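Okay, structure first, notes after.
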Amino acid sequence: MIELHFLHGKPNSKADLRTYNSDFRVQEMLPFAATGEGEHHLLHIRKEGLNTNDVATILSGFAKVHPKEVTYAGQKDKNAITEQWFGVRIPGKETPDWASLNSDQITILSSNRHNKKLRIGALAGNRFTLTLRNVTHMDEAIERLALIKQTGVPNYFGEQRFGHDGKNLVFGRQMFTGRVVKDRKKRSMYLSAVRSYLFNVAVSTRLAEHGLDKLAGDCVMLAGSNSYFTAEQWDEATIKRLDEKDIQLSAPMWGRGAALSQGEAGEFEAKVLAEFDAERDGLEHAGLTQDRRTLLSEPQHLSYEKESDDVLVIKFALPSGCYATSILRELFDYEDVNEREFRARQQARLESAEPESEVKATPEPEVKPELAIEAKSEQDSVSENCADIEKQRIKILVSNDDGVTAPGIVALTNALATSYEVMTVGPDRNCSGASNSLTLTNPLRINTLSNGYVSVSGTPTDCVHLAIRELYTDEPHMVVSGINAGANLGDDTLYSGTVAAAMEGRFLGLPAIAVSLVGSKLEHYDSAAYFTCKIIEGLLKSPIAKDQILNVNVPDLPIEQIKGIKVTRLGARHKAAGMIKTQDPAGKDIFWLGPPGEEQDASEGTDFHAVTHGYVSVTPLKVDLTAFNQISSMQEWINKL
């Protein structure tokens, strides 16, 4: 493990953390409220002396349900007082007497019904109240609190991410040299440790060499989201956004694909991580994709109270994924009393144990409970679920907008099923042109067909959302929407239910592809299915950015007549023809949409041009529609209003 750089210099103050359980208090913050109805019971529980799995086991036995029906958003240490959320699925209307569980270790703070499963990472953040004892240089610590409130701290992954003595990192590196780890959760934990270590190295080196200076080509993240873009040059408007904390500097979370930073920033990150060839190759081979994490962590609602000359109470909140230990290390050279006592007990056991005649293999380490327990982000969950991509069967969710019995979805499902595990969920009727609409005024009903497909009484977006959130225990690795009966070129993408289904997959953190067959006769769905399989193979090896999907249009030709694949931009159509007016049997006027407009921009490089000339068109589409190049000029005339 490296010595991480201190943003505000190494502190002189010393302090003890977690002398008592009550010195470390954590409250989970949910981003939603219970709906009051549904088969899931959302429980708000205060616990002490129990870890999260202990409580889950108690709830499972009390409710008489299978352990998999008990879920939680994040794990919390037993040597603390924590308030966290649990979900218990109990089909039927029975409501257990949850209050009867109250004890010295568990208090049920509230219980409400909810219509959705509580999932890992479903947190807005965590609120902390930490009591530090035996504090030295109290005035310096208080001065540092003011600096942290203004600037923040390095967003390092805490030492608990790496396990006792960094063994998670050690085992992760051993995996890359052939060590077999059968337990999926442990594999994910070890991979996460390696990836987090590279992030910490990149952050520490950047702060040591450049401080908080901006670099050309920085990949910056939009505040409060996982979206990012590259600042090729730091113009006045972009600098202002950074100063106002609308955007934040970031560092790499390593994985497959092209680096997300460019220019000076990209060269710097490449140089810093150049010595970690084995780690980078291992993460890429495991299927993780390039991602970003903010360079700094900024505590919210930071305050303190000086209880005595050597006791300081600090309160703050952090977004999910950030560590309280990163705040503490900038304030104190602290010691975790609970950890110290644990090591003392461990040493005593070793000293009292009789010598063994054989040397035992090093056991895999237990998960070390986290102090600032990190609630995984959506993207983290996606990356870790893909961690064993070479060793397990890929799961693909297939949907469409033409309806669950349409020939395109059948052809696509059959083709994918030869290599992947396929789940097919589609609307129970044709929903062409539904775009990203959701069903808000009626309940969704599902029906499993004789071939195993699931039909949904909703839109394509409903289908994907329902499938990922509720219908399947194991989340798919990818969403493929299609094969659409007709083109989705240029402006069509704004109206397309096929594209919308793929977009919903991306909104939920999964790679996604929309596929359409372009022609008048629509005879060659096999061609579209064939090229979709080829594109998926490439996408698994070289994933695209997480805010993008692929829009694929295949000409309606036999496979051997298709000339190849071209990466394109969207073309454009002229405005659509007028409405078609007619009358119903009662003599009242009714209207039908007229045909779409003719091609306006079908020049070389567009999707129109590629398909017309016999090529498969692949267009990467961005979710963020913001016209960033207009922000500065628009602000100028807005300021004059």
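The values are calculated or read from the model by the stated rules, or taken from the named source; none is laboratory data. Everything numeric in this text was worked out from a predicted model, so none of it was measured. Neighbour counts run over all protein chains shown; Cβ positions are idealised from the backbone, glycine included. All accessible areas refer to the heavy atoms of the entire protein, side chains included, with ligands and DNA or RNA removed. Shrake-Rupley method; radii C 1.70, N 1.55, O 1.52, S 1.80 Å.
Observations on the model:
- Residue pairs whose Cβ atoms lie under 6 Å apart, separated by 6 or more positions or on different chains, with the first residue in the range 174-194 and part of a loop (DSSP other than H, G, I, E, B) and surrounded by 14 or more Cβ atoms within 10 Å (Cβ to Cβ) and the second among the charged types (D, E, K, R) and at pLDDT 80 or above, are Val181/Arg187.
- Conditions (1) open to solvent by 20 Å² or more (accessible area, probe 1.4 Å); (2) under 17 Å from Arg293 (Cβ atoms); (3) of a type outside the set (A, V, I, L, M): number failed by Asp213: (2)
- Any hit, the range 578-588, residues being farther than 24 Å from Gly408 by Cα, among the acidic types (Asp, Glu) and part of a loop (DSSP other than H, G, I, E, B): yes
- The residue pairs whose first member lies in the range 603-623 and is in contact (Cβ under 8 Å) with a residue 12 or more places away in the chain and more than 14 Å from Gly564 (Cα to Cα), whose second member is in a helix (DSSP H, G or I) and among the aliphatic types (A, V, I, L, M), and whose beta carbons are closer than 7 Å, counting only pairs six or more residues apart or on different chains, are Val623/Met503.
- For the range 265-296, filtering for residues that are small (Gly, Ala, Ser) and in contact with a Gly (Cβ under 6 Å, 6 or more places away or on another chain) leaves 2.
- Residue check, Lys149 outside any strand (DSSP E or B), among the basic types (Lys, Arg), within 30 Å of Thr95 (Cβ to Cβ) and open to solvent by 60 Å² or more (accessible area, probe 1.4 Å): no
- Considering the range 75-100, and only residues there that are open to solvent by less than 30 Å² (accessible area, probe 1.4 Å) and farther than 28 Å from Arg161 by Cα, the residue that is nearest to the chain's Cα centre (by Cα) turns out to be Ile90.
- Residue match in the range 559-576 (condition: assigned to a loop (DSSP other than H, G, I, E, B), surrounded by fewer than 11 Cβ atoms within 10 Å (Cβ to Cβ) and in contact with a Gly (Cβ under 6 Å, 6 or more places away or on another chain)): yes
- In this structure, Leu489 qualifies as within 19 Å of Thr568 (Cβ to Cβ) and touching a Phe, Trp or Tyr at 6+ places or on another chain (Cβ under 9 Å).
- Note on the range 463-510: among residues that are farther than 15 Å from Val398 by Cβ and among the acidic types (Asp, Glu), the one that is most open to solvent (accessible area, probe 1.4 Å) is Asp474.
- Scan of the range 590-641 for residues that are at pLDDT below 85, part of a helix (DSSP H, G or I) and among the small types (Gly, Ala, Ser), ordered by number: Ser632, Ser633
- Check on Glu537, outside any strand (DSSP E or B) and open to solvent by 90 Å² or more (accessible area, probe 1.4 Å): no
- Residue that is nearest to Ile394 (Cα to Cα) [pool: residues in the range 418-432 that are at pLDDT below 90 and open to solvent by 50 Å² or more (accessible area, probe 1.4 Å)]: Glu421
- The range 236-255 residues that are among the charged types (D, E, K, R), paired with ones that are part of a strand (DSSP E or B) (beta carbon under 6 Å, 6 or more apart): Arg241/Ile247
- Taken over the range 107-140, residues that are open to solvent by 10 Å² or more (accessible area, probe 1.4 Å) and either aromatic (Phe, Trp, Tyr) or part of a strand (DSSP E or B) (or both) amount to 12.
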